[in-house]
Amino acid sequence: MHVHASHICTPQSSVSHRTGLTINASADVVKNGFTTAPKVTVEAIDPPSRIIINHTVQINLLVKNHSSVDVNAIVELRRRGMQGVVVSGQSVQPTQVLKPGGVVIVTFNVLGLVAGLCVVGGCVVVDTVTGGELVQPPLFSMFVERKDEEGGDEVLVTERLETANINE
């Protein structure tokens, strides 16, 4: 998917941190070749709710092994799961071996491309032994804002999505 300057991000009802990202890995065992059924989740740690267009923000992701077996994996953020943002820099991070119940934090930089409510997603945990993939749900949404050209660097103008009274 190519993102153009005129592209408007998909509107959503609110900026939200999506939690409870458990994975039903039994289906992935059959479909993706995992030798066992590891349950691996990825969720954002204190994700930003806003960034400025054409600027990057660092995001930290908590990767947890919920299974009873070791998992040797990498975490990828793929562009096709992003809406209005892309990864800036390295889009693949190794977790090394995750012991049962183990956690690791991986870090990525995200660049805002277009103003509006955008989605950070496209997260996939890849088993480096089998090549099997655990596709994660979208991680979180955030507003990408543009600077007010007349008011200087300190004034931000949020696109019409916010001013359209997007309340719960």
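A compact table of results
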read-out: Residue satisfying condition, being modelled with pLDDT under 95, closer than 27 Å to residue 128 by Cβ, buried (at least 16 other Cβ atoms within 10 Å of the Cβ) and under 15 Å from the mean Cα position of the chain (by Cα), within set 61, 21, 77; value: 21
read-out: Criterion violated by residue 124 - all others in (1) buried (at least 16 other Cβ atoms within 10 Å of the Cβ); (2) modelled with pLDDT under 95 satisfied; value: (2)
read-out: Test result for residue 38, surrounded by 15 or more Cβ atoms within 10 Å (Cβ to Cβ), modelled with pLDDT under 90, in contact with a strand residue (DSSP E or B) (Cβ under 7 Å, 6 or more places away or on another chain) and part of a loop (DSSP other than H, G, I, E, B); value: yes
read-out: Neighbours by Cβ (under 7 Å, 6+ apart or cross-chain): first from region 87-99, closer than 28 Å to residue 68 by Cα; second at pLDDT below 95 and of a type in the set (A, V, I, L, M); value: 95/73; 98/71; 98/73
read-out: Unique match (being out of contact with any Lys or Arg (no Cβ under 6 Å at 6 or more places or on another chain) and within 20 Å of residue 43 (Cβ to Cβ)) among 113, 134; value: 134
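The values are calculated or read from the model by the stated rules, or taken from the named source; none is laboratory data. Predicted model, so just to flag it, every value in this text is computed and none were measured. Virtual Cβ from ideal backbone geometry, glycine too; neighbours counted across all protein chains shown.
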